[in-house]
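Scroll down for the structure; my scribbles are underneath it.
The values are calculated or read from the model by the stated rules, or taken from the named source; none is laboratory data. Fair warning: this is a prediction, and the values are worked out from it, not measured in the lab. Counting neighbours? That spans all protein chains shown, and the Cβs are built from the backbone with ideal geometry, glycine included.
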Amino acid sequence: MPRSRITLLLALLSLSAAVAAAEAPLHRTFNVAPGGTLTVDADVGDIQVSPGAGGVTVDVFRRGRDEQDLEVTFDQQGNDVLVRARNHRASRWFNWSSNLDVRFVITVPSRYNVQLTTSGGDVRVGDLQGDVRCKTSGGTVHTGRITGPVDAKSSGGDVTVDGATGNVDLRTSGGGIRIGDAGGAIQARTSGGSIEVHHAGADLYARTSGGGIAIDEALGAVDAQTSGGSIRARIAQQPRGDSRLSTSGGSITISVAPAVAVDLDAHTSGGEVDTEVPVTLLGRQSDSSLEGKINGGGPKLVLRSSGGGIRLRKM
């Protein structure tokens, strides 16, 4: 065989071996009991956590020419597991970019707490029983159905919670927020997208300057405000407290169940107030204002819009 072909073959074999070595995951297992806490503190990488049969397993997949710059350490204290990943190239003042792709694939007991932080990737958590806290500076956050509270923050993507029995606190400056069923109080804040809530079992606080707000059902008081879109909400049951919904960038549409009793105060400077729900009027009214009692009155329902009309609909 010609020398040039042999040299080429050896080079390809060396390259294949280098790629295989770079892709080989770091693997660790930890014998823990349910109820502990997994902490991941990473400079870079996607994090995926799923419930498993028992114990904690961690696989760290690394790919790229800067793989040698990633230092991963593991520590166990009792039932708690700590994973740290430091990208030394990213800390160098002369570094302009890093060619490094990292994924953390982790399983934990179904009853386990997680605290996950990454500066450069997505975070995904499966159905768990525990306290879930997630933070990313460069990706999305998605949690499954959590038996417990959820605290999630992102600077660069959407935040989604399929369900939670505890309180939910979500913040993002670069995407939308979506919440399935929440048994506790909700705080949802974004400056870059819409907010969608399927069910809020307690008080709901929502703020966005970059999209609309949609609320399918809220059992507690609602404080919702947007400067970048419309608001749509359904009041299916008697509210437990006063509510205020306001927008400067769109309309408000409220669907009200037949037995709901509230004191209505609706005003718009960007359209008209229209209702198909019977209202006992109080004071002077106009096309842009409506104040009165629905079903004898109850908690306050304040509606304000400077960017569109206000509509009350029967459910």
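Pick from D151, D169: which is among the acidic types (D, E) and either under 19 Å from G121 (Cβ atoms) or crowded, with 23+ Cβ neighbours inside 10 Å (or both)? D151 is the lone residue from the list that is among the acidic types (D, E) and either under 19 Å from G121 (Cβ atoms) or crowded, with 23+ Cβ neighbours inside 10 Å (or both). From the list G163, G228, G192, G174, pick out the single residue that is surrounded by fewer than 23 Cβ atoms within 10 Å (Cβ to Cβ) and closer than 24 Å to Q238 by Cα. The match here is G163. With the condition kept exactly as written, say whether any residue in the range 101-117 is of a type in the set (F, W, Y), at pLDDT 90 or above and either buried (at least 22 other Cβ atoms within 10 Å of the Cβ) or outside any strand (DSSP E or B) (or both). Among the residues of the range 101-117, at least one is of a type in the set (F, W, Y), at pLDDT 90 or above and either buried (at least 22 other Cβ atoms within 10 Å of the Cβ) or outside any strand (DSSP E or B) (or both), which makes the answer yes. Taking V60, is it surrounded by 19 or more Cβ atoms within 10 Å (Cβ to Cβ), touching a residue at least 60 places away in the same chain (Cβ under 8 Å) and either in contact with a helix residue (DSSP H, G or I) (Cβ under 6 Å, 6 or more places away or on another chain) or of a type in the set (A, V, I, L, M) (or both)? Answer is no for this residue.
Being surrounded by fewer than 20 Cβ atoms within 10 Å (Cβ to Cβ) and within 22 Å of A185 (Cβ to Cβ): is that true of R304 here?
Spelling it out, it is not the case that R304 is surrounded by fewer than 20 Cβ atoms within 10 Å (Cβ to Cβ) and within 22 Å of A185 (Cβ to Cβ).
Please tell me if R62 is outside any loop (DSSP other than H, G, I, E, B), modelled with pLDDT of 95 or more, touching an Asp or Glu at 6+ places or on another chain (Cβ under 8 Å) and under 20 Å from D122 (Cβ atoms).
Spelling it out, it is not the case that R62 is outside any loop (DSSP other than H, G, I, E, B), modelled with pLDDT of 95 or more, touching an Asp or Glu at 6+ places or on another chain (Cβ under 8 Å) and under 20 Å from D122 (Cβ atoms).
Being touching a residue at least 12 places away in the same chain (Cβ under 8 Å), over 29 Å from S154 (Cβ atoms) and surrounded by 20 or more Cβ atoms within 10 Å (Cβ to Cβ) holds for only one residue in V222, V273, V197, and it is V273.
The residues of the range 237-254 that are crowded, with 17+ Cβ neighbours inside 10 Å and either modelled with pLDDT of 95 or more or among the small types (G, A, S) (or both), listed by number, are S243, L245, S246, T247, S248, G249, G250, S251, I252, T253, I254.
Scanning the range 200-219 for residues that are farther than 21 Å from D242 by Cα and surrounded by fewer than 18 Cβ atoms within 10 Å (Cβ to Cβ) yields one hit, S209.
Comparison of G176, G138, G210 shows that the only residue that is more than 30 Å from K314 (Cα to Cα) and without any contact (Cβ under 8 Å) to a residue 40 or more places away in the chain is G138.
Here the condition is being more than 14 Å from the chain's Cα centre (by Cα) and within 19 Å of V256 (Cβ to Cβ); of G228, G184, G211, G220, it holds for G220 alone.
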